[in-house]
Amino acid sequence: MKHVVLIGMMGCGKTTCGNLLGARLGLPVADTDACVVAQEGQSIPDLFATRGEAYFRTCEGRVAAELAARQEAAVIACGGGLPLREEAFAPLRERGVVFFLNRDPGEIYDRVSMQGRPLAQDGRRAFLALFAQREAAYRRCAHHVITQFSSPEATVAEILQHLPGGG
Ligand code: S3P
């Protein structure tokens, strides 16, 4: 089985849905942000502040390659910026089925805490603009675009419909 890879904007529910999905499929779950934090021993805001975004992106790319190369299939929740760099995302796309969680960015911003997300500190309008900049790349990377966000269960149910034996 291939990896199940979740992409989309910060706060769209990749980690929450990834955990639920892992439980439903009996697969291990990995989160690229959590792997970077564990490897570097620093939180994401601290990494951005002390080493800069470019350093974070290097770490994130390394983690993506490591996770993609794992033999055992896993559910992999990706940091929101990872799919924007084609070379960093390529190993995950090659070895996974990629789902874009296309939740409305205004709804995300209004409902989800942006604490601990350095690139979401400039207000609602900037958040919407960032999504507009990224949406085409998310669509390009995805095998499937997910549209159900009334609850994490509803999102997971839609993802499962696209997986063998999951519907
Ligand atoms: C980022 C998203 C974050 C984290 C970092 C940068 C982005 O992950 O990787 O703050 O560029 O969208 P989440 O999508 O899990 O918030």
Applying the Karplus parametrisation 6.51 cos²θ - 1.76 cosθ + 1.60 with θ = phi - 60° to the phi angles of region 10-22, what ³J(HN,Hα) value in whole Hz is obtained for each residue in order, glycine and proline being reported as x? 3, x, 6, x, 4, 6, 4, 5, x, 5, 4, 5, x
Using a 10 Å Cβ count of at most 16 others and DSSP loop calls, identify the longest part of the chain lacking such trypsin sites (Lys or Arg not before Pro). 86-167
Vicinal HN-Hα couplings computed from phi for region 29-36 (Karplus, 6.51 cos²θ - 1.76 cosθ + 1.60; Hz; Gly/Pro x): 10, 10, 10, 4, 4, 4, 5, 4
On the formula 1/(1 + (r/R0)^6), with r taken between the Cβ atoms of residue 85 and residue 162 and R0 of 25 Å, the FRET efficiency rounded to 0.05 is 0.50
Average Cα contact separation per residue, the chain, under 8 Å, 6 or more apart, as relative contact order %: 33 percent
Rg/Rg_ref, the chain, where Rg_ref = 2.2 N^0.38 Å and atoms are Cα: 0.97
19 Å tail of the calculated P(r), region 83-167, as % of Cα pairs: 49 percent
Among 155, 131, 142, pick out the residue whose Cα is farthest towards the positive end of the charge dipole of region 122-164, where Lys and Arg carry +1 and Asp and Glu carry -1 on C-beta, about the Cα centre. 131
Taking all pairs of distinct Cα atoms, average 1/r, flip it, and tell me the Kirkwood hydrodynamic radius of region 1-84 in Å to one decimal place. 13.1 Å
How large is the dipole of the chain about the Cα centre if only Lys and Arg carry +1 and Asp and Glu carry -1, each at its Cβ, rounded to the nearest 20 debye? 220 debye
Short version: ³J(HN,Hα) in whole Hz for each residue of region 64-78, in order, from phi by Karplus 6.51 cos²θ - 1.76 cosθ + 1.60 (θ = phi - 60°), x for Gly and Pro, what are they? 4, 5, 5, 5, 4, 6, 4, 5, 6, 4, 9, 8, 10, 8, 9
How large is the helix-only mean residue ellipticity at 222 nm for the chain, computed as the sum of -39500 (n - 2.57) over DSSP H runs with n ≥ 4, divided by its residue count, in deg cm²/dmol to the nearest 500? -16500 deg cm²/dmol
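Throughout, read-outs are computed from the coordinates displayed, never taken from laboratory work. Keep in mind that this is a model prediction, so the values were computed, not measured. Neighbour counts are summed over all protein chains in view; Cβ atoms, including those assigned to glycine, are modelled from backbone coordinates with ideal geometry.
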